[in-house]
Amino acid sequence: MEEIAGTELAIERKEQAVLELADFDEVVRVYRPRILRFLLSSLTDRDAAETLTQECFLKAWNARAQFRGDSSLSTWLTRIAVNLMRDHLRSRSLRFWQKTRGAALDVMDISDWVPDGRTTPEGAALARDQVALVWKAVDELSAQQRSVFVLRFVDEMELEEIAETIGMNLSTVKSHLYRALAILRERMGGKK
Amino acid sequence: MKIRKEAEMENEAESMLTSSQEMRDLAEALSLYRSAIQHVAEKQAARPLAMDRKPAPSFRMRLVMVPALAAALAVAVIVPAVSHLHGHRGITAAKVVDVTPQTPTTTVAQVDDTQLMNQIDSDLTEDVPDALQPLADMGDQTATAKSSETEKK
């Protein structure tokens, strides 16, 4: 009985995800900030993040007939974004242009950011310093470590969802996350 | 023995406390990082799409510099080659150019106005060619008729 109910629920979810995709304008409106956030924090390049976000939705639009709702729409879109990012990083010419990129995301971009609960200027400055430390540490991570890290700590995905999105097994995801956190702790003055 | 065990336990407890404090700091830093990234992404998302914006300066530079360099290179290669191939033609053309200014426009200006008028007058009063003589006679006849009529009046 429970099994049947579970199957029905899964079918319902799939249908809902497929239906959600039918209104593509709404899909872009809802998921664009999330995809952009993931690409921005992974690539730290505004232009590349913006371009890949657009490409991501273009690909999703072209492949919308193939979406069966086996994963959530968010996971499906993030998977497209991850693949686009991999292609982008693999491309040698782009890697060359990356060196001369003019739209690099900088820690200075958060100068107008007001952290929650920090009312005093000192508190806000301290929070910014902490963010700058994490920012620099994230910049040192490998592409895979960074993807896992961003999906976990920025997009707040579950480890299983990250594994599904990136196409890695769970233990590899854990391993990347462990290494990323070790680097972060080290940069923040803690133990390795 | 007891003292050593107690010291070990104290050390363990201290390291646990340190690590939990460290974990709290780390968690807080991660939370702040998430908030900052969300802020940056929201700012970016609020901007018009990349297609509507002007390309980055470096990209603009590439867009201008590459065709400019290509054009300069093409000019540097093609111009000497063409001038070498058409060297002789070029020389004759130059000669022609040298000769043409010898037809002075100033001479026209120098021609006296009365002389010019006389020339035109003589051209008009020139003898009518044989083939056109009948037409000339008709013209004369009408002219004489008209003159006699006016004389009568």
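The values are calculated or read from the model by the stated rules, or taken from the named source; none is laboratory data. Values in this document were obtained by computation on a predicted structure and should not be read as measured data. All Cβ positions, even for glycine, are placed from backbone atoms using ideal geometry, and neighbour counts span all protein chains on display. Each accessible area value is taken on the protein alone, full model and side chains, heavy atoms only, with ligands, DNA and RNA left out. Shrake-Rupley method; radii C 1.70, N 1.55, O 1.52, S 1.80 Å.
With the simple model of a label 7 Å out from the Cα in the direction of the Cβ, A:E26 to A:L58 spans 2.6 nm. Of the whole protein surface, B:M23 contributes about 90 Å² of accessible area at a 1.4 Å probe radius.
For the pair A:T120 and A:Q16, the difference between a 0.36 nm per residue extended length and the Cα-Cα distance amounts to 32.9 nm.
Shown here are the Rg and Dmax of the Cα trace of the stretch A:122-189, at 13.0, 43 Å. When all protein chains stay in place and ligands, DNA and RNA are ignored, the 1.4 Å accessible-area order of A:D47, A:D70, A:D112, A:D155, largest first, is A:D70, A:D112, A:D47, A:D155. Here the simple spin-label model places points 7 Å from the Cα toward Cβ, and for A:Q66 and A:E140 these points are separated by 3.9 nm. Looking at the stretch A:1-83, none of the chymotrypsin sites (Phe, Trp or Tyr not before Pro) sits in a DSSP loop with at most 13 other Cβ atoms within 10 Å of its own Cβ. Proximity of backbone amide H atoms, modeled 1.01 Å from N, is registered between A:D45 and A:L105 at under 5 Å, excluding neighbours fewer than 5 places apart on the same chain. For each pair in A:K14/A:K59; A:K14/A:K174; A:K136/A:K174, compute the distance between the two Cα atoms and list the pairs where it is over 23 Å. Going by Cα-Cα distance, A:K14/A:K174 fall outside the 23 Å limit. For B:K43, the accessible surface of its heavy atoms amounts to roughly 70 Å² (probe 1.4 Å, protein chains only, rounded to the nearest 10). Counting only other chain Cβ atoms within 10 Å of each residue's Cβ, the peptide A:49-61 averages 2.
Accessible-area rank, largest first, for B:R24, A:R128: B:R24, A:R128, with all protein chains present and a 1.4 angstrom probe. Shielding value for B:20-33 is 6, the average number of Cβ atoms from other chains within 10 Å of each residue's Cβ.
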